[in-house]
Amino acid sequence: MDRFTSILLAAGLGCFALAFVLSGVYPWLITDAREPEATIAEVARRVTPEFKQLKEAYPVAFAAAFPGADECLTDKDLAGVPLDDPRRARSEDAWRAAHTIALRDGRDAYVAEACWHCHSQYVRPVANEAQRFGRVRSAADDNNALQRPVLWGTRRVGPDLTHEGGRRSNDWHVAHLRDPASTSPGSIMPRYTWYFRDGWQVWRTIDPELAEREGLAPTTRYPIPGVYATEAEARSALERVRAETPENLHAERDRLEVAPSSGPNETALALLAYLQWLGTWDASQREGVPQ
Amino acid sequence: MTSTATQLEAAHAGSADLVDKGLVKWHLVMAMFFMLTAMTWGLLISLQFLHAYPFEGISFLSYGRVRLLHTNEIAYGFLVNGFIGCLYYAIPRMTGRAVASSKLGWLILFVWQFILVAMSVGQLLGFAQAVEWGETPTGFRPGTFDLNYIPVDFLIEIGAVLVAIQFLTPIVRSVHKRQYVSLWYLTAGIVWLILTYVMGNTLPEWTLPGSSGAATVGLFIHDLVGLFVTPMGWGLMYFFVPVILRRPVWSHALSVIGFWALAFFYPLNGVHHFLLSSIPMSVQYGAVISTMAVEIVVTTVIVNFFGTMWGSGDALRTNLPIRWFYTGMVGYFITCLQCMFHTTLTMQELIHFTDWVPGHAHLVMLGVFSFWIFGMTTWLWPRLTGNEWYSRRLNHWHYWLSVIGLLTMFVDLLAGGLVHGFMLNALSDWMEIVRAMHGFWAVRTFAGAMILAGQLCFAWNLWKTWTGPKRPYDYRVDLATAGGV
Ligand code: HEM
């Protein structure tokens, strides 16, 4: 019995506690304890331009994903609105609120799919990593609620994503998420097809002759942003587009059509927002810290 | 020979009613079941790397989610069930007392399998948490108290406490005044499991942010291996090896040194999972040095076991359980030797994010602890069912397929890891790296298929032995040939 107690106390509790203090509490005391952890709202304050573009490109899914989306005004909506109009301030707040939700849900999706088992978020000061991926990761970069638990990862089947934000366009990410091999031939990343919803979309076809005369890109059929659940909704969108198209673009106007399509769903928008945010925040942006 | 055999027979009869054979048997059955499922997942996910994943596009069977099942079912389904089964056999025999309660035993058995199902379903549905080897769903949205799934972590903690009650009771009430070293390991391991699990599944989720959270995650990964799996494994080896070889351990002094050095150094290693990171360098250097110290500890334990075998080396040839055990010990020595080198910052720079690490993980998890559980199951099964092996030959197939498959996988992933590491260093294009790795990944799948085939041989053999026609098992036959080939 005495042996039992000594093992229980010395080995069972003592050694465990010692290690916990030395490799858990001590690093906390000399790094993260010095500054309060940034909240998700705080790291979401600077709304990325890519996030705003998601609303333009996928208005329906965007409105479904983020409450208050109708108050989020894009640059196009704000054209001509006076600088002191209260709508601007309200829009700013709405964007931040939506971005906060997007980052939280995007991180949750990143964890649920275990993206972190193939991608690191951990740039080390060795092995030419700063050259390949960008600035080396510091403790301050991780002192925020999105890194609890930390998403450093231990494996790099795919590249490090620390500085992924802004590196690629939304369109690239959408195509890549749906079928990685379409943007990166031979990629072994899984296809995340369940992040896409089939629907209807308005397509604009440019008359090939016109395209040639104007020197346009060889792709003459392209989608107009907005994926709709039913064909009827897409038709009324088509009418809106037709009404907005200036008279002198008559040649194109005739070639608007509705066709099946698919677009990212709500979770995918959040995941895209998260990817586009990665690396755009650092501790120097915190309030009260001189910029 | 006859007198030893008679004594053994008496001992068997004496403690026979202390052991609840049903519990041993069912835990081992569940362990083998999860071994098969987890390996099937392993083989499946390895196909992703070869553009051949069969379930692409199905959310709940996609690579990421199935990968979580692979590692978590191995840890909580195979290793925990396997160790608990063996504890039900070993602890009553070492203490002369039955476990706390057979009813509690069946409760634990059912609760634990329920936990495993809840864990697997949760991970497939996307409720995993981002703690490696602890992806068991907390049931809460990360860092908040919004419940979104069954709180599996919490159930595991309750399960671990029940296990502690079950096994610490006979240890406390032991009929022997002095405790054999095996019980030290097991006592400590049971307590450590509770502490480790609570630490790793609460602090990085709710309180510790960023790099200090990472330090605790590292500590959790390491403690789960070093303070639960390792002491369970060694504790059982200290019981089974002398029992099967019928000789005492070579040196009790060495076994005591080994125990205390493990207790002291192992938990200090945690941060070596995140070297060259933003965790303070002083902590990283501390982890590197204690990792190297562990190798010295390991050497003492290995010397002790080889000393124990000295003079009965023939058992390696004639006695399959012993062969499993000592193969595992050699594997353990290699793993720890490898660790001593790749924990250095120089090697870390090269291998950290590459296939080298899964190579290492498979050697230690499969090549050591799983091999020991296979060995113990091989020894126990005829004794539990009372039936002679359906086919002893299949057991050899199990051994050789597993060993050759594992070695192939190990060497392959190590080599692949080096290639990956050098190409990362050289700033090669990413797709070029992926293409370069293709061959290594193909070999891994092949080796995995071999390992899985070995397990199928074993599972079939266990099944036929259990349900086949009665051929009473006579342990004296095994004794006469010095063991149970
Ligand atoms: C059929 C045989 C097996 C195959 C084909 C297989 C395949 C795999 C694959 C593809 C991974 C992911 C590696 C990566 O992220 O790049 C993995 C990880 C892992 N496997 Fe297996 N596996 C097998 C058996 C086992 C067994 C029997 C165990 C343990 C007893 C095990 C333990 C692990 C562990 C711990 C990891 C995580 C490694 C890490 O994150 O570094 N595997 N396995």
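The values are calculated or read from the model by the stated rules, or taken from the named source; none is laboratory data. Here the structure is a predicted model, which means the values were calculated and not measured. Cβ placement follows ideal geometry from the backbone for every residue including glycine, while neighbour counts extend to all protein chains displayed. These accessible areas exclude ligands, DNA and RNA; they are computed on the full protein's heavy atoms, side chains included. Shrake-Rupley method; radii C 1.70, N 1.55, O 1.52, S 1.80 Å.
Want the number for A:A232 to A:D85: 0.36 nm per residue separation, take away the alpha-carbon distance, what's left? Don't skip to the end; give the middle numbers.
Working: separation 147, 0.36 × 147 = 52.92 nm, distance 3.57 nm.
Here the answer is 49.3 nm.
Would you kindly give the portion of the calculated P(r) for the range B:117-261 that falls above 27 Å, as a percent of all Cα pairs? All intermediate terms of the calculation are to be shown ahead of the outcome.
Details: 3570 of 10440 pairs.
Percentage above 27 Å: 34.
At a Cα cut-off below 28 Å, give the lysines reachable from A:K55, other chains included and same-chain residues fewer than 8 away excluded.
Within the straight-line cut-off, A:K55 pairs with A:K76.
Taking only DSSP H segments of four or more residues, each worth -39500 (n - 2.57), what value at 222 nm results for chain B once the sum is divided by all its residues, to the nearest 500 deg cm²/dmol? Mind showing how you got there, number by number?
Details: 19 runs with 345 residues, N = 485.
Value at 222 nm, helices only, nearest 500: -24000 deg cm²/dmol.
Need one number for the protein assembly as shown: average projected area of the convex hull over its C-alpha atoms, nm². Let's see the in-between values first.
Values: hull surface 147.6 nm².
With every direction weighted equally, the projected area is 36.9 nm².
For a 25 Å ceiling on Cα separation, which of these pairs sit above it: B:K21/B:K464; B:K25/B:K464; B:K25/B:K470; B:K103/B:K464? Show your work: numbers first, answer last.
On the way: B:K21/B:K464 18 Å; B:K25/B:K464 14 Å; B:K25/B:K470 17 Å; B:K103/B:K464 28 Å.
From B:K21/B:K464; B:K25/B:K464; B:K25/B:K470; B:K103/B:K464, over 25 Å: B:K103/B:K464.
Taking trypsin sites (Lys or Arg not before Pro) as candidate sites, keep only those in a DSSP loop with at most 11 other Cβ atoms within 10 Å, then name the longest stretch of chain B containing none of them.
Details: sites that count: B:K177, B:R178, B:K470.
The segment B:179-469 is the longest one with no such site.
Mind listing the phi-derived Karplus ³J(HN,Hα) values for the range B:187-197, rounded to whole Hz, using 6.51, -1.76 and 1.60 with θ = phi - 60°, and x for any glycine or proline?
4, 4, x, 5, 5, 4, 4, 4, 4, 4, 5
Which of A:G279, A:G199, A:G186 ends up with the largest GNM mean-square fluctuation for chain A, with Cα atoms connected below 10 Å?
Its mean-square fluctuation being the largest, the pick is A:G186.
Would you kindly state how much longer the chain becomes between B:W400 and B:N148 on full extension, computed as 0.36 nm times their sequence separation minus their alpha carbon distance, in nm to one decimal? The partial results should precede the final answer.
Numbers: separation 252, 0.36 × 252 = 90.72 nm, distance 4.52 nm.
Taking B:W400 through B:N148 to full extension adds about 86.2 nm, to one decimal.
Give me the one-decimal nm value for the distance between modelled label points at B:R435 and B:M281, 7 Å along each residue's Cα-to-Cβ direction.
4.0 nm
Within a Cβ distance under 9 Å of B:G416, other residues only, what is the Lys/Arg minus Asp/Glu net charge? Numbers along the way, then the final one.
Working: positive: B:R444; negative: B:D355, B:D412.
Combined, the nearby Lys, Arg, Asp and Glu give -1.
Using unit Cβ charges (K, R positive; D, E negative) and no other charged atoms, how large, in debye to the nearest 20, is the dipole of the range B:5-465 about its Cα centre?
1540 debye
Please find the FRET efficiency linking A:R34 to A:R96, where r is the Cβ-Cβ separation and R0 is fixed at 30 Å, and quote it to the nearest 0.05.
On the way: r = 26 Å, r/R0 = 0.88.
Step by step, r from the Cβ atoms, then E = 0.70.
Roughly how big is the protein assembly as shown's charge dipole about its Cα centre, with Cβ charges of +1 (Lys, Arg) and -1 (Asp, Glu), in debye to the nearest 20?
Details: 58 positive and 63 negative charges, 686 e Å.
Here the size comes out at about 3300 debye.
Go ahead and run the numbers for FRET between B:I158 and B:L125, Cβ-Cβ distance against an R0 of 25 Å, rounding to 0.05. All intermediate terms of the calculation are to be shown ahead of the outcome.
Details: r = 22 Å, r/R0 = 0.88.
For R0 = 25 Å, the calculated efficiency reads 0.70.
Quick one: Debye curve from the alpha-carbon atoms of chain A only, equal weights, vacuum; give me log10 I(q)/I(0) at q = 0.15 Å⁻¹ to two decimals.
-1.25
Please list the non-local residues whose amide H lies under 5 Å from the amide H of A:S261, H modeled 1.01 Å from N, same-chain partners needing a gap of 5 or more.
For A:S261, the qualifying residues are A:G199, A:W200, A:Q201.
Leaving out ligands, DNA and RNA, and with a 1.4 Å probe, what % of the accessible surface on the protein assembly as shown is carbon or sulfur?
Working: 19420 of 29830 Å².
Answer for the protein assembly as shown is 65 percent, counting heavy atoms of protein chains only.
Note down the relative contact order for chain B as a percent, whole number, built from C-alpha pairs under 8 angstrom at least six residues apart. Let's see the in-between values first.
Working: 678 pairs, mean separation 68.6, N = 485.
For chain B, the relative contact order is 14 percent.
Say the dipole of the protein assembly as shown comes from +1 at the beta carbon of Lys and Arg and -1 at that of Asp and Glu; which of B:A128, B:T346, B:A315 then lies farthest toward its positive end?
Checked the options; the winner is B:A315.
So if R0 is 60 Å, what FRET efficiency would A:V21 and A:R242 give, r being the distance between their Cβ atoms, rounded to the nearest 0.05?
Values: r = 70 Å, r/R0 = 1.17.
That gives a FRET efficiency of 0.30.
Tell me, what ³J(HN,Hα) does each residue in the range B:320-332 have, in order and in whole Hz, if you take phi through Karplus 6.51 cos²θ - 1.76 cosθ + 1.60 with θ = phi - 60° and put x for Gly and Pro?
These are the phi-based 3J(HN,Hα) values: 5, x, 4, 5, 4, 4, 6, 4, x, 5, 4, x, 5 Hz.
DSSP H helices in chain A with Cα extent of 15 Å or more along the helix axis and mean Kyte-Doolittle hydropathy at least 0.0?
Answer set is A:266-277.
May I ask which residue of B:L227, B:T385, B:V256 lies farthest towards the positive end of the charge dipole of chain B, with charges of +1 (Lys, Arg) and -1 (Asp, Glu) on Cβ and the Cα centre as origin?
B:T385
Quick one: which residues, 5+ away or cross-chain, put their amide H under 5 Å from the amide H of A:A38? H built at 1.01 Å from N.
A:N144, A:A145
In nm, to one decimal, how far is the modelled label at B:R392 from the one at B:V303, with both set 7 Å along Cα→Cβ?
3.6 nm
Kindly write out, for the range B:247-256 in residue order, the coupling ³J(HN,Hα) from the Karplus curve 6.51 cos²θ - 1.76 cosθ + 1.60 (θ = phi - 60°), rounded to whole Hz, with x marking Gly and Pro.
8, x, 5, 4, 9, 6, 4, 5, 5, 5
Can you tell me the dipole magnitude for the range B:78-198 around its Cα centre, using point charges on the Cβ only (Lys, Arg +1; Asp, Glu -1), in Debye to the nearest 20? Intermediate results must be reported in sequence, preceding the final value.
Values: 7 positive and 5 negative charges, 166 e Å.
Value, rounded to 20: 800 debye.
Charges on Cβ only, +1 for Lys and Arg, -1 for Asp and Glu, centred on the Cα centroid of the protein assembly as shown; of B:W441, A:L146, A:T193, which one is farthest towards the dipole's positive end?
B:W441
Chain pair B, A: how much accessible area is buried, both chains summed, with a 1.4 Å probe, in Å² to 100? Don't skip to the answer; put the middle values down first.
On the way: alone 19920 and 16930 Å², together 29830 Å².
Roughly 7000 Å².
In whole Å, largest first, what are the principal axis extents of the Cα atoms in the range B:5-465?
For the range B:5-465, the Cα extents along the three principal axes come out at 70, 49, 45 Å.
So, in nm, how far is label B:L18 from label A:S184 when the simple model puts each one 7 Å beyond its Cα toward the Cβ?
Spacing of the two 7 Å Cα→Cβ label points: 5.8 nm.
Report the full-extension gain for the segment B:H252 to B:L337: residue separation times 0.36 nm, less the Cα-Cα distance, to one decimal in nm. Display every interim value, and only then the final one.
Values: separation 85, 0.36 × 85 = 30.60 nm, distance 2.39 nm.
That pair, B:H252 and B:L337, stretches by 28.2 nm at full extension.
Mind checking the range A:166-231 for trypsin sites (Lys or Arg not before Pro) that DSSP puts in a loop (not H, G, I, E or B) and that have at most 10 other Cβ atoms within 10 Å? Let's see the in-between values first.
Working: sites: A:R167, A:R168, A:R178, A:R191, A:R197, A:R204, A:R213, A:R221; in loops: A:R167, A:R168, A:R191.
Nothing satisfies the criteria.
If each DSSP helix of 4+ residues adds -39,500 (n - 2.57) and the sum is divided by the residues in chain A, what number results at 222 nm, nearest 500 deg cm²/dmol? Walk me through the intermediate numbers first.
Values: 16 runs with 125 residues, N = 291.
Roughly -11500 deg cm²/dmol at 222 nm, from the helical runs in chain A.
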